[in-house]
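K.L.:
This is the structure I want to talk about, given as structure tokens.
The values are calculated or read from the model by the stated rules, or taken from the named source; none is laboratory data. Please read all numbers here as calculations on a predicted model, not as lab measurements. Note that each Cβ is placed from the backbone with ideal geometry, even for glycine, and that neighbours are counted across all protein chains shown. Only protein heavy atoms, including side chains, enter the accessible area calculation; ligands, DNA and RNA are left aside. Shrake-Rupley method; radii C 1.70, N 1.55, O 1.52, S 1.80 Å.
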Amino acid sequence: MTTHAETVDFSSQASFDIQPRTRLIFGPGSSAQIAELATSLGATRVMVVSDEGIVAAGHFEHVADRLRNAGLQVGSFHEFAENPTSTMVDAGVAAAAEFQPDLLIGLGGGSSLDCCKGMNFVYSCGGSIHDYHGVGKATADLLPMIAIPTTAGTGSETQSFALISDADTHVKMACGDPRAACRIAVLDPELTLTMPQSVTSLTGIDAISHAVETYVTRRRNAISTTYSRRAFGLLARSFSKVLRSPDDLNARGEMQLGASLAGMAIETSMLGAAHATANPLTARHNIVHGQAVGLMLPAVIRFNGTQHATWYAELLREIDPAGTDSISIDEAPDRLAEMVQDWVQSAGMATSLDELSIPSSDIGMFVDDALQQWTGTFNPIALDEDSTRALYREVA
């Protein structure tokens, strides 16, 4: 069989330039090392950035107490929410200016980590977060950061990007710079045991989408595909387990590690059309990101599969080497799309715009918004108005 992917291939042998900047520490109970790690970075005044849910779960005090017992001064910022905005970042910068930290710790889900990085941009370099929208906009070294994720989703702990929403337009701004990478990421699966089922579902689907999308981008390369495939294998094997058995620490650990590996893939290969089409749903209808990207991903897999079915077959072999021999390469995109849709449904999430009470009359606006999304430019098949509209129509 000859496919377009075999004649016009974005090869895994493509050139790349990568320098891992984040020390990764993984294991149950590893967050107990936080004081030692902070001290190793020369810290004396530590600001912990964590949302109110993390405070309520007891994680903030767990970390803060260990820091204080080691003689470190501890400040905090908690006044932000999911999809942190430019206004929330400004409030965090004001809190940092008052406390004057020499180390920032992002503790929580992607929102905590993104807010921490966004604060660091502005606190260390001045101006507003809008000045750092794009890549390589930092004008000075940022404060060292430690990430302690309490979810398994965004992979922000292993990326040099912060996603911050404009407070007025709600458009997500990707602010990236090598100096925004965390010095250390501590992956302690015990901290993820307190996630509500809905958060486990939403963040898990987000992580799966990262593994799938990074595998098929225009920037895919030998490093990114290695991270993507291993991430997909871990996530696909453990997602249903954590939904059935929330206290399964091994499955929690696999989810957390898979999410971080997918984040490392994003760092070198970026994302694609599923995120480009999901973001307008969040901006215009406040649909939670994991739900939005879970809705769009199966349609995008089928779309990309018309030219790159081989890549999706490779992903399927990561979780079922023998079983995939019985299906043709042409069948792989549909098989993977169905698998993702089954995961979304099993997590109790919507699989259509109608289920989300979003009128199909809004599709025109979504198309215009999606075509402005940076992530869409990395999709292996270029998006245009007709193809983007077709993606939304498929999920209507």
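K.L.:
Over the chain, with the other protein chains present, what is the accessible area per residue in square angstrom, probe 1.4 angstrom?
P.N.:
Here the residues of the chain average 38 Å² of exposed surface.
K.L.:
Describe numerically, in nm with one decimal, the distance between label points set 7 Å from Cα along Cα→Cβ at residue 240 and at residue 354.
P.N.:
It works out to 2.7 nm between the two label points.
K.L.:
Separate question: Would you mind computing, in nm to one decimal, how far apart the modelled labels at residue 137 and residue 65 are, each placed 7 Å from Cα along Cα→Cβ?
P.N.:
Spacing of the two 7 Å Cα→Cβ label points: 4.1 nm.
K.L.:
Return a whole-number percent for the relative contact order of the range 301-368, with Cα pairs under 8 Å and 6 or more residues apart as the contact set.
P.N.:
Working: 39 pairs, mean separation 18.8, N = 68.
Normalised by residue count, the contact order of the range 301-368 is 28 percent.
K.L.:
If you don't mind, there's one more thing I want to ask. Highest first, please rank the peptides 234-244, 252-262, 25-35 by the mean number of other Cβ atoms sitting within 10 Å of their residues.
P.N.:
By packing density, highest mean first, the sequence is 252-262, 234-244, 25-35.
K.L.:
Order 96-103, 194-201 from most to least packed using the mean count of other Cβ atoms within 10 Å.
P.N.:
Descending mean neighbour count gives 194-201, 96-103.
K.L.:
As I understand it, the value is the acute angle between the Cα axis of helix 197-214 and the longest principal axis of the Cα atoms of the chain; what does it come to in degrees, rounded to 10?
P.N.:
The angle comes out near 60 degrees.
K.L.:
Running a GNM on the chain with Cα contacts under 10 Å, which residue among 233, 58, 263 ends up with the highest mean-square fluctuation?
P.N.:
58
K.L.:
Further, regarding this structure: Can you tally the net charge around residue 370? Count Lys and Arg as +1, Asp and Glu as -1, for every other residue whose Cβ sits under 15 Å from the Cβ of residue 370.
P.N.:
Cβ neighbours under 15 Å give a net charge of -4.
K.L.:
Just to verify a number: FRET efficiency for residue 33 and residue 222, C-beta to C-beta distance, R0 = 51 Å, to 0.05?
P.N.:
0.95
K.L.:
Cβ under 15 Å from residue 156's Cβ, residue 156 left aside: what net charge do those residues give with Lys, Arg +1 and Asp, Glu -1?
P.N.:
Surrounding charge for residue 156 is -3.
K.L.:
While we're looking at this one, here's another question. Calculate for the chain the 222 nm mean residue ellipticity that helices alone would give, adding -39,500 (n - 2.57) per DSSP H run of length 4 or more and normalising by residue count, nearest 500 deg cm²/dmol.
P.N.:
Computed mean residue ellipticity for the chain: -16000 deg cm²/dmol.
K.L.:
Run the simple label-point estimate for residue 73 and residue 342 please: 7 Å along Cα→C-beta, distance reported in nm.
P.N.:
Between residue 73 and residue 342, the simple spin-label model gives 5.6 nm.
K.L.:
Within 15 Å, Cβ to Cβ, of residue 338, how many net charges do the neighbouring residues add up to if Lys/Arg are +1 and Asp/Glu are -1?
P.N.:
-4
K.L.:
Given the peptides 354-367, 164-177, arrange them by the average over their residues of other C-beta atoms within 10 Å, most packed first.
P.N.:
So the peptides 354-367, 164-177, ranked by packing, come out 164-177, 354-367.
K.L.:
Sticking with this structure for a sec: Can you compute 3J(HN,Hα) from phi for each residue in the range 149-156, using the Karplus curve 6.51 cos²θ - 1.76 cosθ + 1.60 with θ = phi - 60°, rounded to whole Hz and x for Gly and Pro?
P.N.:
Karplus-based 3J(HN,Hα) across the range 149-156 equals x, 10, 10, 10, x, 6, x, 4 Hz.
K.L.:
For the chain, what does the relative contact order come out to in percent, with C-alpha contacts under 8 Å and a separation of six or more? Don't skip to the end; give the middle numbers.
P.N.:
On the way: 798 pairs, mean separation 62.0, N = 396.
For the chain, the relative contact order is 16 percent.
K.L.:
Let me ask another. Sequence neighbours fewer than 8 away in the same chain don't count; with that in mind, list the lysines whose C-alpha is under 20 Å from residue 117.
P.N.:
Cross-link targets: 137, 172.
K.L.:
In whole percent, how big is the carbon plus sulfur part of the accessible area of the range 165-261, probe 1.4 Å, protein atoms only?
P.N.:
With neighbouring chains kept in place, the figure for the range 165-261 is 51 percent.
K.L.:
Continuing with the same structure: Set the Förster distance to 22 Å, then compute FRET efficiency between residue 368 and residue 166 from the Cβ-Cβ distance, nearest 0.05. Show your work: numbers first, answer last.
P.N.:
Values: r = 17 Å, r/R0 = 0.76.
E(calc), rounded to 0.05, equals 0.85.
K.L.:
Same structure, new question: Keeping the other protein chains in place, figure out the carbon and sulfur percent of the accessible area of the range 90-144, with a 1.4 Å probe.
P.N.:
Answer for the range 90-144 is 49 percent, counting heavy atoms of protein chains only.
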